[in-house]
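The values are calculated or read from the model by the stated rules, or taken from the named source; none is laboratory data. Bear in mind the structure is a predicted one, so any value in this text is a computation, not a measurement. So basically every Cβ, Gly included, is an ideal-geometry build from the backbone, and we count neighbours across all protein chains shown. With ligands, DNA and RNA removed, areas are computed over all heavy atoms of the protein, side chains included. Shrake-Rupley method; radii C 1.70, N 1.55, O 1.52, S 1.80 Å.
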Amino acid sequence: MLSALLGFSQDGSTWWLGLLLIAQVLGLISATQAVLETRTSQGAIAWAMVLISIPVIAVPAYWIFGRSHVNGYRRRRIREQLEQRLGTKLFGSLLTASRVKDERLTSGLKTLEEITGSPFTGGNQLDLLIDGEETFKSMFAGIACAKDHVLASFYLMRHDEIGEPFKRALIERAEQGVKVRIMYDGIGSLGEAGRMLDDLRQAGAKVVAFDGSRHPGNRFSLNFRNHRKIVVVDGESAWVGGLNIGREYAGMDPELGHWRDTHVCIRGPAALAVQAVVVEDWLWATGESLESLLCQPQSSQVDQSVLVAPTSPASNIETCTLLFMELIRQAQHRLWIASPYFVPDEQFVSQLQLAAIRGVDVRIMLPSRPDHRLVQLASYAYLKPLGDVGVRFFRYTPGFLHQKVVLIDDAMSSIGSVNFDNRSFRLNFEISILVNDRLFAQEVHRMLEADFERCKPLGHELLSQRGPMFNLAVRGAKLLAPVL
């Protein structure tokens with residue numbers, strides 16, 4: 001039928017010629033779109049070349065992996081929508097009564113607010129949660145105290161030794177009339193949650209998958225993943241960080257061994273700001289508004305300054321990239337970064353080099369035992385260009401390092417879901433908690449110092465010791481950095 005419509009005969013060679021012609025046309029159209037939409041010139045050139053030269057392979061790859069901007073997402077922050085509908089009743093009070101006063105905001109802090117579109121709020125109390133046992137104990141206890149609602153959003157949820165008690169805690173609350181809303185990433189949790197999600201639905205909880213390809217403009221794309229890890233209870237307490245729901249995050253996976261991760265529990269107005277992130281994602285995933293679950297922010301007697309920074313490919317600017325570039329730029333004497341995946345692009349390399357050149361103590365903590373070998377190989381490509389100017393690398397040896405923590409000088413720290421790679425900076429829906437507080441920064445400093453004591457130095461002499469084939473593998477892996 002198709003051959004008749006196109007005017008082709010049933011001859012096999014003519015049929016294949018027609019398919020190749022269609023592929024070439026699609027390649028040209030896709031190459032034009034790549035030039036217009038790809039956020040980096042290198043990426044645009046690379047995609048255009050392969051789409052034109054080998055369209056049969058490149059066109060499907062581009063539509064699955066090549067898109068860098070998600071269409072259809074509500075670009076206005078949910079607080080702006082709420083202000084329009086509710087006036088100063090809700091978020092007006094968050095932005096005025098809870099916002100840190102201008103006299104306490106340096107130009108650097110104001111820049112962070114401008115980049116993210118989020119305010120630093122005061123009246124918060126934060127608990128630093130180290131590793132899975134401490135995090136899950138705090139999280140499950142918080143869920144048990146829920147009176148009105150529980151919202152949860154995770155990239156990965158498994159029905160295992162951690163997923164089962166998580167499910168039971170939520171079901172117990174749902175049976176007591178608490179509104180339970182659960183969101184999971186449609187790719188990250190694919191086939192992992194098992195019966196857990198059905199049991200939650202039967203108990204009255206609403207469970208949805210976040211699908212980054214649901215808008216027609218994103219069809220077939222697998223790039224846009226919701227990588228956030230969030231639990232919010234009653235709009236008063238929130239848990240954010242690097243831990244998903246699964247046995248490995250509690251150190252129960254014998255292959256990965258000890259799992260080193262960091263989460264934070266927030267009480268105060270910033271918890272409501274975290275809830276707004278889930279409300280916005282829920283609106284995208286379901287079309288349902290959860291505005292009725294929002295409440296007045298509750299301030300804590302502990303006055304810690306917090307900025308909640310959700311980032312995503314729906315922004316008109318690369319918010320996540322600009323945020324972490326600015327944090328690096330602001331460092332004066334200390335910049336410690338712990339990340340399981342360290343595959344930054346050249347602009348980050350330049351910023352880290354500048355920080356080291358101006359005398360900043362720049363340290364990068366990476367896992368010694370990787371869960372993705374290609375990512376580890378790619379990270380070795382940065383040892384020499386950064387090591388030559390004084391940046392120091394360390395490998396965490398007791399187990400797998402998964403925490404996403406940045407410490408800047410004596411007062412600023414960031415804890416969240418962002419890895420130092422292209423996927424987090426440009427493609428994923430992520431969240432970072434920026435804390436401008438000296439006492440909290442001291443806690444983070446002590447935590448990272450203890451981690452560094454369990455690390456081994458990693459220098460660029462590793463490359464010469466391993467030989468030319470290893471170096472070739474490192475360079476080859478780095479070429480794949482945009483998709484790792």
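Inside segment 119-137, can you point out the residues that are surrounded by fewer than 23 Cβ atoms within 10 Å (Cβ to Cβ) and polar (S, T, N, Q)?
GLN125
Of the residues PHE452, PHE420, PHE440, which is in contact (Cβ under 8 Å) with a residue 40 or more places away in the chain and surrounded by fewer than 18 Cβ atoms within 10 Å (Cβ to Cβ)?
PHE452
If you go through segment 156-169 one residue at a time, do you hit one that is open to solvent by 40 Å² or more (accessible area, probe 1.4 Å), within 21 Å of the chain's Cα centre (by Cα), of a type outside the set (A, V, I, L, M) and modelled with pLDDT under 95?
The answer is yes, given that some residue of segment 156-169 is open to solvent by 40 Å² or more (accessible area, probe 1.4 Å), within 21 Å of the chain's Cα centre (by Cα), of a type outside the set (A, V, I, L, M) and modelled with pLDDT under 95.
If GLY188 satisfies every condition in (1) touching a His at 6+ places or on another chain (Cβ under 8 Å); (2) under 28 Å from VAL306 (Cβ atoms); (3) modelled with pLDDT of 95 or more but one, which is the exception?
Just one mismatch for GLY188, condition (3).
Is it fair to say ASP261 is among the acidic types (Asp, Glu), modelled with pLDDT of 90 or more and open to solvent by less than 10 Å² (accessible area, probe 1.4 Å)?
When the stated conditions are applied, ASP261 passes them.
Provide a single number: the residues in segment 267-318 that are aliphatic (A, V, I, L, M) and not in a helix (DSSP H, G or I).
Of the residues in segment 267-318, 9 are aliphatic (A, V, I, L, M) and not in a helix (DSSP H, G or I).
What is the residue count in segment 180-191 for residues that are open to solvent by 20 Å² or more (accessible area, probe 1.4 Å) and farther than 14 Å from THR286 by Cβ?
Here the count works out to 3.
Can you tell me which of (1) assigned to a loop (DSSP other than H, G, I, E, B); (2) surrounded by fewer than 22 Cβ atoms within 10 Å (Cβ to Cβ); (3) in contact with a helix residue (DSSP H, G or I) (Cβ under 9 Å, 6 or more places away or on another chain); (4) free of Cβ contacts under 8 Å to residues at least 60 places away in the same chain is the one ASP199 doesn't meet?
Against the list (1) assigned to a loop (DSSP other than H, G, I, E, B); (2) surrounded by fewer than 22 Cβ atoms within 10 Å (Cβ to Cβ); (3) in contact with a helix residue (DSSP H, G or I) (Cβ under 9 Å, 6 or more places away or on another chain); (4) free of Cβ contacts under 8 Å to residues at least 60 places away in the same chain, ASP199 comes up short only on (1).
Of the residues in segment 316-361, how many are in contact (Cβ under 8 Å) with a residue 60 or more places away in the chain, more than 24 Å from MET447 (Cα to Cα) and of a type in the set (Asp, Glu)?
Total satisfying the criteria: 2.
The conditions are (1) part of a loop (DSSP other than H, G, I, E, B); (2) under 25 Å from GLY287 (Cα atoms); (3) not hydroxyl-bearing (Ser, Thr, Tyr), and GLU161 fails exactly one of them. Which is it?
(2) is the only condition that GLU161 fails.
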